[in-house]
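Asks: What follows is a single structure, and I will ask about it in a moment.
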Amino acid sequence: MSFQDEHELHIRRRGRNLGVGLLLGALIAIIFGLTYVKITSQGFQAPSNVAGAE
Amino acid sequence: MTDASINNASATEHEAQFGDYFALLKPRVMTLVVFTAFVGLLAAPVAVHPFVGFCAVLFIAVGGGASGALNMWWDADIDAVMKRTARRPIPAGKVTPQEALALGVALSGFSVVLLGLATNWVAAGLLAFTIFFYVVIYTMWLKRWTPQNIVIGGAAGAFPPMIGWAAATGGISVKSVLMFCLTFMWTPPHFWALALFMRGDYDAAKVPMLTVTHGRKSTRAHILVYTLLLAVLAISISFTGAGGPIYLIVSVVLNALFIKGAFAIWRRDETQAEADDFRAERRFFKLSLLYLFLHFGAILAEAGFDRFGLQLTFGGLL
């Protein structure tokens with residue numbers, strides 16, 4: 001069984017696709033980091049409609 | 001994706017690479033935005049978590065970059081005829097105007113919302129206003145209409161330290177307004193010096209720069225007057241809460257050099273300038289970059305001393 005040949009378009013756009021992939025990875029890391037910092041900071045208050053927030 | 005779009009894409013001469021899209025964000029202008037926003041953030045009297053601070057400066061930079069992409073979308077016709085900008089991604093045929101518009105709009109929304117979530121909505125609102133001001137007020141309206149384009153439009157480039165300050169404090173203060181004023185007053189002489197040595201560019205593009213509407217002699221006089229006004233403002237900041245002895249020394253030295261450069265430009269005529277390929281004008285332009293970076297560097301140094309309990313201000317009149 002052989003894999004389908006890579007389309008020429010994928011080769012041409014490799015740099016662009018890698019860049020977008022890295023940016024999306026960085027965005028996930030930033031959102032995760034911000035969430036962590038926000039919920040571990042002293043002033044954090046859970047919304048009142050969350051169970052156990054009282 | 002349809003076969004048709006693949007075929008269309010392969011028909012284009014140049015496939016846009018990641019760097020071409022990045023170039024739409026005007027990375028060199030972004031360094032100024034990043035640095036001044038960073039100073040605004042650190043000069044604020046409220047400590048910010050380092051990661052939140054990093055994100056705030058990043059989102060401000062992305063917002064600045066987004067407005068750069070929108071500027072390139074709107075001004076593609078001007079950029080194509082100006083030597084300085086002809087190699088930008090749109091006139092060079094690397095990126096289509098529609099792609100620049102999409103990238104600019106998407107990054108504008110993204111940066112404003114994320115800055116609001118990461119810090120506060122005052123900072124996000126200021127960033128949104130900055131993007132609006134640069135794209136609509138400056139690019140779409142002032143730039144092609146009045147020789148005062150960069151005087152008023154310079155406000156867009158002056159907002160980042162205020163946004164940085166607002167990201168830390170959630171508000172606006174005299175200090176942050178002073179940082180705004182410093183960049184605002186610095187912009188006209190900086191750009192007019194550029195307009196003097198990029199001679200034919202603005203004429204060819206029919207942009208009503210001062211050199212085109214009022215002539216080059218008048219532009220030289222304007223540079224001198226604005227430089228003198230800037231010097232008064234810049235040195236006065238030494239005696240406010242944003243300044244101090246370090247800032248004063250830096251400011252006096254830089255303003256002396258800047259005024260000397262402005263006088264040299266004012267005393268020259270076009271024959272002299274052409275003879276040495278606009279040496280004085282080019283030097284003044286380079287000095288203007290150093291001028292702004294060192295002034296903000298001094299504000300940062302003063303803030304650093306304050307944070308470690310060493311008050312170096314002259315009593316802080318403001």
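Asks: Within the stretch B:177-200, which residues are over 30 Å from B:F278 (Cβ atoms) and touching a Ser or Thr at 6+ places or on another chain (Cβ under 8 Å)?
Replies: Hits for the stretch B:177-200 are B:L178, B:M179.
Asks: A further question follows. State all residues of the stretch B:79-94 that are of a type in the set (V, I, T) and modelled with pLDDT of 95 or more; if no residue qualifies, say none.
Replies: Listed by number, the list holds a single entry, B:I90.
Asks: Give the stretch A:12-54 a look and list any residue that's surrounded by fewer than 11 Cβ atoms within 10 Å (Cβ to Cβ) and at pLDDT below 80, or say none.
Replies: A:Q42, A:G43, A:F44, A:Q45, A:P47, A:S48, A:N49, A:V50, A:A51, A:G52, A:A53, A:E54 - these are the residues of the stretch A:12-54 that are surrounded by fewer than 11 Cβ atoms within 10 Å (Cβ to Cβ) and at pLDDT below 80.
Table: residues versus (1) within 14 Å of chain A (Cβ to nearest Cβ); (2) surrounded by fewer than 23 Cβ atoms within 10 Å (Cβ to Cβ); (3) at pLDDT below 95.
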site	(1), (2), (3)
B:N8	yes, yes, yes
B:E15	yes, yes, yes
B:F18	yes, yes, yes
B:T31	no, yes, yes
B:G68	no, no, no
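Asks: Return only the number of the condition from (1) within 24 Å of the chain's Cα centre (by Cα); (2) surrounded by fewer than 21 Cβ atoms within 10 Å (Cβ to Cβ) that B:G243 does not satisfy.
Replies: The single condition B:G243 does not satisfy is (2).
Asks: Which condition number does B:F293 fail, the rest of (1) in contact (Cβ under 8 Å) with a residue 60 or more places away in the chain; (2) out of contact with any helix residue (DSSP H, G or I) (no Cβ under 6 Å at 6 or more places or on another chain); (3) farther than 20 Å from B:A158 by Cβ being met?
Replies: If we test B:F293 against (1) in contact (Cβ under 8 Å) with a residue 60 or more places away in the chain; (2) out of contact with any helix residue (DSSP H, G or I) (no Cβ under 6 Å at 6 or more places or on another chain); (3) farther than 20 Å from B:A158 by Cβ, just (3) comes out false.
Asks: May I pose another question? Out of B:F110, B:F132, report the one residue that is within 25 Å of B:Y21 (Cα to Cα), hydrophobic (A, V, I, L, M, F, W, C), in a helix (DSSP H, G or I) and free of Cβ contacts under 8 Å to residues at least 40 places away in the same chain.
Replies: B:F132
Asks: Additional query: Checking the condition more than 23 Å from the chain's Cα centre (by Cα) and closer than 27 Å to B:L294 by Cβ, which residue from B:I223, B:I249 passes?
Replies: That would be B:I249, the only listed residue that is more than 23 Å from the chain's Cα centre (by Cα) and closer than 27 Å to B:L294 by Cβ.
The values are calculated or read from the model by the stated rules, or taken from the named source; none is laboratory data. Treat the numbers as computed from the prediction; the structure is a model and nothing was measured. All Cβ positions, even for glycine, are placed from backbone atoms using ideal geometry, and neighbour counts span all protein chains on display.
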